[in-house]
1. Consider R57 carefully, then state whether it is assigned to a loop (DSSP other than H, G, I, E, B) and basic (K, R).
2. Give me the residue from the stretch 93-105 that is modelled with pLDDT under 95 and assigned to a loop (DSSP other than H, G, I, E, B) and, out of that set, farthest from A38 (Cα to Cα).
3. I'd like the residue in the stretch 131-158 that is exposed (fewer than 15 other Cβ atoms within 10 Å of the Cβ) and within 16 Å of the chain's Cα centre (by Cα) and, out of all such residues, is farthest from V182 (Cα to Cα).
4. Take the residues in the stretch 65-84 that are among the hydrophobic types (A, V, I, L, M, F, W, C) and in a helix (DSSP H, G or I); name whichever of them is least open to solvent (accessible area, probe 1.4 Å).
5. Out of all the residues in the stretch 133-175, which are in a helix (DSSP H, G or I), of a type outside the set (K, R) and without any contact (Cβ under 8 Å) to a residue 40 or more places away in the chain?
6. Determine which member of the set V90, V112 is more than 21 Å from D188 (Cα to Cα), of a type in the set (A, V, I, L, M), part of a loop (DSSP other than H, G, I, E, B) and under 14 Å from the mean Cα position of the chain (by Cα).
7. When you check R12 against the structure, is it part of a helix (DSSP H, G or I) and modelled with pLDDT of 95 or more, yes or no?
8. Which residue is farthest from I86 (Cα to Cα), if the candidates are limited to the stretch 42-64 and must be open to solvent by less than 10 Å² (accessible area, probe 1.4 Å) and hydrophobic (A, V, I, L, M, F, W, C)?
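The values are calculated or read from the model by the stated rules, or taken from the named source; none is laboratory data. What you are looking at is a predicted structure, and each value in this text was computed from that prediction instead of being measured. Neighbour counts are summed over all protein chains in view; Cβ atoms, including those assigned to glycine, are modelled from backbone coordinates with ideal geometry. Accessible surface is based on the protein model in full, side chains and every heavy atom, while ligands, DNA and RNA are left aside. Shrake-Rupley method; radii C 1.70, N 1.55, O 1.52, S 1.80 Å.
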Amino acid sequence: MGFTRAELEAFRDATVDDLIGPDPRLVFVGINPGLWTAATGTHFAHPGNRFYPALLRAGIIEREIDRSVGFTADDRRHLIDRQVAITNLVMRATARASELGREELETGGTVVRAKIERWRPRVVAFAGITAFRQAYARPRAGAGRQEQTWEGCAVWVVPNPSGLNAHETIDTLARAYREVGVAAGVVDD
């Protein structure tokens with residue numbers, strides 16, 4: 001499945017529903033949906049995004065997911081059964097995360113924190129350090145586990161899986177994701 005630029009632009013500012021089941025242990029937080037994600041209704045859907053290959057290599061999921069064509073019902077069920085949820089700091093789709101402003105990220109940060117307090121997972125993992133720093137006014141935050149917890153939930157920052165994040169590979173992403181998977185109890189140590 002492919003899209004023309006015009007077809008993708010038609011999804012600008014569209015939203016993608018959270019992927020959430022009844023008892024999530026691990027919540028991944030993306031920055032915001034890209035246009036391909038909005039077009040397919042599937043988080044981290046762009047064919048160049050390494051999120052699902054890294055989840056597979058990390059042991060968080062147990063089979064491949066072809067996200068570029070959109071989740072199947074089995075794909076959604078597999079993630080929910082693995083107690084993995086996905087949301088975003090900002091819900092509206094853009095071509096690039098750089099189109100988002102600080103105020104929009106801060107507002108989204110407040111919304112995500114409220115979701116985490118309601119969902120009560122063991123771990124929340126933000127995929128992208130710069131957006132995390134801006135959303136939570138933590139300009140010196142580093143990668144990995146953060147000092148703060150939210151109602152007992154461990155807060156982590158992991159690398160962004162976007163193909164634009166060229167210095168990360170599927171292997172380096174998988175190592176970081178495996179750490180949060182172990183901490184959340186969805187991957188055996």
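1. So R57 fails the test.
2. Step by step, filter the stretch 93-105, then rank; the result is G101.
3. A143
4. L79
5. Q134, T172
6. Only one candidate passes the filter, namely V90.
7. no
8. A58
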